[in-house]
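Nothing in this text is a laboratory measurement; each read-out follows from the coordinates by a stated rule. The shown structure was predicted, so the numbers you read here are calculated from the model rather than taken from an experiment. Quick reminder, even Gly has a Cβ in these numbers, built from the backbone with ideal geometry, and neighbours come from all protein chains shown.
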Amino acid sequence: GGVSATASGGGGGGGTGFFFGTSGAGGSGTASGAGGSGGGGGGASADDGGGGGFGTAGSQGTDSGSGGSAHGSAQLIPLTGGSGGGGGGSSTVGAGGAGGGGGAVLIFAKENITIMPTGQILAIGGSGAAGTGDGGSGSGGGIVIQAFNISLRGRLNASGAPTTAGGGGNGGMGR
């Protein structure tokens with residue numbers, strides 16, 4: 001026995017990047033899941049997932065999956081990565097997968113760190129995919145740079161991914 005093509009199902013909730021956080025709740029065939037401490041909520045049948053949250057909250061999906069809340073410390077103690085968006089729900093087949101949260105980057109030097117004009121340090125969240133219910137995008141991650149002297153002429157980016165799937169929620173900003 002296979003799965004019927006007319007079965008409906010909810011999208012999975014997004015995972016949190018925070019040690020003490022809670023993941024977003026998965027959606028059911030009739031109700032969307034709530035976002036957690038970071039993780040976006042999954043969409044109900046054919047509904048969109050919410051974006052993951054970290055430095056700022058993720059946005060709600062167009063149809064229903066709620067975004068994950070902002071969480072953690074502004075000083076990035078402890079250093080954690082971003083949170084994933086919630087998956088889209090499916091009324092038939094082909095629900096959109098959610099984007100993952102951006103990573104955690106720590107660069108430490110005893111003396112000097114120089115990031116040249118063409119240099120980039122990125123911890124960007126991943127975009128949710130399109131489907132019968134679109135997936136929510138992941139939040140940005142965390143970047144910490146410590147040194148006696150830091151010369152930053154390049155670019156740091158810990159942004160959440162915008163939705164490219166239409167209805168999925170945008171990921172929140174990182175730290």
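For q = 0.11, 0.19, 0.20 Å⁻¹, what log10 I(q)/I(0) does the range 99-175 give under the Debye formula with an equal point scatterer on each alpha carbon and no solvent?
-0.35, -0.74, -0.78
What residues qualify as long-range amide H neighbours of residue 142, i.e. H under 5 Å apart, gap of 5 or more or another chain, H built at 1.01 Å from N?
Here the answer is 82, 104, 105, 175, since their amide H atoms fall under 5 Å of that of residue 142.
Going highest first, how would you order 135-147, 104-116 by mean Cβ packing within 10 Å?
135-147, 104-116
Using amide H atoms built in the peptide plane, which far-off residues or other-chain residues are under 5 Å from residue 167 H to H?
Those lying under 5 Å, H to H, from residue 167 are 134.
What list of ³J(HN,Hα) values in whole Hz, one per residue of the range 72-87 in order, does the Karplus curve 6.51 cos²θ - 1.76 cosθ + 1.60 (θ = phi - 60°) give from phi, with Gly and Pro shown as x?
Once rounded to whole Hz, the list reads x, 9, 5, 8, 6, 10, x, 6, 9, x, x, 10, x, x, x, x.
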